[in-house]
Amino acid sequence: MSDKTRTGLSRAQMAWRAAQDIPDGAYVNLGIGIPELVADYVPAGREVVYHTENGILGFGPAPEPGQEDPDLINAGKKPVTLLPGAAFFHHADSFAMIRGGHIDYCILGAMQVAANGDIANWSTGAAGAIPAVGGAMDLVAGVRNVLVITEHTTREGEPKLMERCSYPLTAPGVVKRVFTTFGVFDVTASGFLLQEIAPGVPVEQVRAATAAPLAVADSLKEVAAPQPEKAAAHV
């Protein structure tokens, strides 16, 4: 489904909204897919240090078309820019940062997230699926705050927010907040709590697309969802 035909937030808007939750000075790893877009939307006045498993600390937003450097890529093989003070290092050192608890936030994509914070983001369990968990296994074990950005449903309309994950888990009970097409959901001791809702999307539609009990915050508000502009690159 294209951003032009979807109901709710666009991918850029989801990434922009997630970026608002990253505090000044945080060290952040961005997963492959929609999370990669978060680097484009650092709020004005904040400094965020982005980390990628393949060995960069301090990368910035995606370059303008035609300005890509094939030697500057993130873990998803997407081109990035460098901010002043950026550093390169060995892949093993990158994972030592993750395993040593030196990364404050990671933002991952997901196939499913359960109401207790379980995440499944590497395999559907079907034949021919991805053969290993990969770096996400280290991220969910070593990073203090695990956030997820994902479409609220699959292309076939199946829910991704579940009472229990039916796919193989990446990790149990680690997700704190989920940003989807339909809004912002906290993972609480009682399950999913809808904190912010996408403009024009009724709560009933969100409930129908969620395969788990859903509580609604008393302070529920609409996501302030502009058509976000990319942050300026510094190369």
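The values are calculated or read from the model by the stated rules, or taken from the named source; none is laboratory data. Everything numeric in this text was worked out from a predicted model, so none of it was measured. Please note: Cβ atoms are built from the backbone with ideal geometry, for glycine as well, and neighbour counts cover all protein chains shown.
Strands (runs of 3 or more DSSP E) fully within region 139-235 that include at least 1 residues being within 26 Å of F95 (Cα to Cα): 145-149, 175-180.
Would you say V143 is closer than 26 Å to A198 by Cβ and crowded, with 22+ Cβ neighbours inside 10 Å? So V143 does not fit the description; no. Beta carbons closer than 6 Å, at least 6 apart along the sequence or on distinct chains, pair a first residue in region 110-123 that is on the phi > 0 side of the Ramachandran plot with a second that is part of a loop (DSSP other than H, G, I, E, B) and of a type outside the set (K, R) for G117/G173; G117/V174. Every condition in (1) more than 19 Å from the chain's Cα centre (by Cα); (2) more than 28 Å from G101 (Cα to Cα); (3) not charged (D, E, K, R) holds for P226 except the one numbered (1). Within region 42-51, the set of residues being at pLDDT 95 or above and under 16 Å from the mean Cα position of the chain (by Cα) comprises V48, V49, Y50, H51. The residue of region 200-235 that is surrounded by the fewest Cβ atoms within 10 Å (Cβ to Cβ), among those that are modelled with pLDDT under 95, of a type outside the set (K, R) and within 19 Å of I149 (Cβ to Cβ), is Q227. If the condition is being of a type outside the set (S, T, N, Q), closer than 21 Å to T181 by Cβ and in a loop (DSSP other than H, G, I, E, B), then region 116-125 contributes G117, D118. If the condition is being of a type in the set (G, A, S) and out of contact with any helix residue (DSSP H, G or I) (no Cβ under 8 Å at 6 or more places or on another chain), then region 40-81 contributes A44, G45, G58, G66, A75. Selection of region 68-96 for residues being modelled with pLDDT of 95 or more and among the polar types (S, T, N, Q) yields T81, S94.
Considering the conditions (1) modelled with pLDDT of 95 or more; (2) under 17 Å from the mean Cα position of the chain (by Cα); (3) within 14 Å of D118 (Cβ to Cβ), R164 is excluded by exactly one of them, (2).
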